[in-house]
Amino acid sequence: MSPRFRHVGQFCLIATTGLLAVLIADEVHNTGTDRGWKQHDIHRPKPPVVEASGGTSSSSIPKDAVVLVDGKSLDAWQSKSGGPAGWKVADGVMEVTPGAGAIQTKGKFGDIQLHVEWASPNPTNGTGQDRGNSGIFLMGKYEIQVLDSYRAETYADGQAGAIYGQYPPLFNASRRPGEWQTYDIAFRRPRFDKAGKLIDPARVTLIHNGILVQNNESLLGLTYWLKWSPYEAHEDAAPIELQDHGHPVKFRNMWLRNLPERPAPSAKDLKRPEAVAMSEHDLDRFLGQYVLGTKENAPKVTVTRGRTHLLMKFPFLPQPLVIEPVSPLVFALPQTDGEFRFQEDSQGRVTGATFRIGDGERSLMKLPR
Ligand code: MG
């Protein structure tokens, strides 16, 4: 090979290697962990232990709750293949039958408030992850760890109250093995666009025995042992799964409430009067002081002018409100459902206004300048 071709070859090799390095760096970056912690990092600080006082009462199940574990039947559950759920149920309690496999709800759920009570086996047995292990897989994909973490060591992102492999709980609020513990979970499912691209990650808030241990955490992706997995687009509702990790963990009083989506404005709601151009000269006739209402000591509102709009300074608001003209005598608040309808006398002098806002109308009287 001539020296010239050898140089070209070397250049191509360096360029390709550089590109590969960039791609690998991207891959590493795109599949990173929470602020650089390694998943299951044994050096990750353990959350402080806190003595929980939260009750385990089931007396306040909301009337509209979907009851999943009533301790009388397994009617709400099935095996992952759709057969009967092979766990035990008696005396108000459902219990993992080790080896029977995970069970999942027959119903499908998305955004939920979930309450569940659980108890680790007593006497305790095993260490680390092999100790009272189960899990609540929201949508069958995102595990809230269930584990005996009472004076028991494991990696922080795998202990009770962890979003498994991603976020340790803020506190270890675990009770002794055999004692009933509560989880109250607020779960917001991930949002995907029509092309399946993630637009909003799943979020979890968790209260363990009355102690907040997950504060609206954004999940990195699906929870797995060894390495979490990037999001894959899925349905808006999916069964909840309970894990059989080979330990006879007990559950009771499991219920949920479906959470609604906040309604988005319709096209009609978004159709609003457009601002009209008004000269500075025309705006000037609205300037001055107004009295809000008719009571004695009523607050005074000062109206000044911007280039294309008016500014209303209320004494009880730190910033003046911008109002834009939408017709010769009507000004609207751009971000608020409200408007000012000014009145004028027979000579065209502004005398006051009616101020409509959400809950009603007030009047403003213009003071003589
Ligand atoms: Mg588990």
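Annotations for the structure displayed:
- Hits among lysines - C-alpha to C-alpha of Lys227 under 28 Å, sequence gap 8 or more where chains match: Lys38, Lys46, Lys80, Lys108, Lys141, Lys194, Lys197, Lys250
- Convex hull per residue volume in Å³, alpha carbons only, for the stretch 277-323: 70
- Ordering of 295-308, 97-110 by packing [mean C-beta count within 10 Å, highest first]: 97-110, 295-308
- Residues Thr33 and Val276, FRET efficiency given R0 of 45 Å [Cβ-Cβ distance, rounded to 0.05]: 0.25
- Sum of side-chain charges, Leu311 neighbourhood, beta-carbon under 12 Å (Lys, Arg +1; Asp, Glu -1): +2
- Point-to-point label distance, Arg262-Tyr224, nm (Cα→Cβ direction, 7 Å offset): 3.5
- Relative packing of 125-131, 171-177, which averages over residues the other C-beta atoms within 10 Å, highest first: 171-177, 125-131
- In nm, spacing of pseudo-spin labels at Asn122 and Asp64 (7 Å Cα→C-beta vector): 3.7
- Gain on full extension, evaluated as 0.36 nm per residue between Leu317 and Arg305 minus their Cα-Cα distance, stands at 2.6 nm.
- For the Cα trace of the stretch 58-167, dividing Rg by the Kirkwood Rh returns an Rg/Rh value of 0.96.
- log10 of Debye I(q)/I(0), alpha-carbon scatterers only, for the stretch 157-200 at 0.18 Å⁻¹: -0.70
- Summing Lys and Arg as +1 and Asp and Glu as -1 over all other residues whose Cβ lies under 10 Å from the Cβ of Gly135 gives a net charge of -3.
- Globularity index of the stretch 185-323, i.e. its alpha-carbon radius of gyration over 2.2 N^0.38 Å: 1.87
- Square roots of five times the Cα gyration tensor eigenvalues for the stretch 66-258, Å: 24, 20, 15
- Sorting the segments 238-247, 211-220, 161-170, 279-288 by their mean number of nearby beta carbons within 10 angstrom, highest to lowest, gives 161-170, 238-247, 211-220, 279-288.
- Over the C-alpha atoms of the chain, the Rg to Rh ratio, Rh being the Kirkwood estimate, stands at 1.20.
- Mean Cα-pair separation over length for the stretch 66-258, i.e. relative contact order, pairs under 8 Å, 6 or more apart, %: 32
- Convex hull volume of the Cα atoms of the stretch 204-284, normalised per residue: 282 Å³.
Every number in this text was worked out from the coordinates using simple rules, so none of it is lab data. Everything quoted here is computed from the prediction, not taken from an experiment. Neighbour counts run over all protein chains shown; Cβ positions are idealised from the backbone, glycine included.
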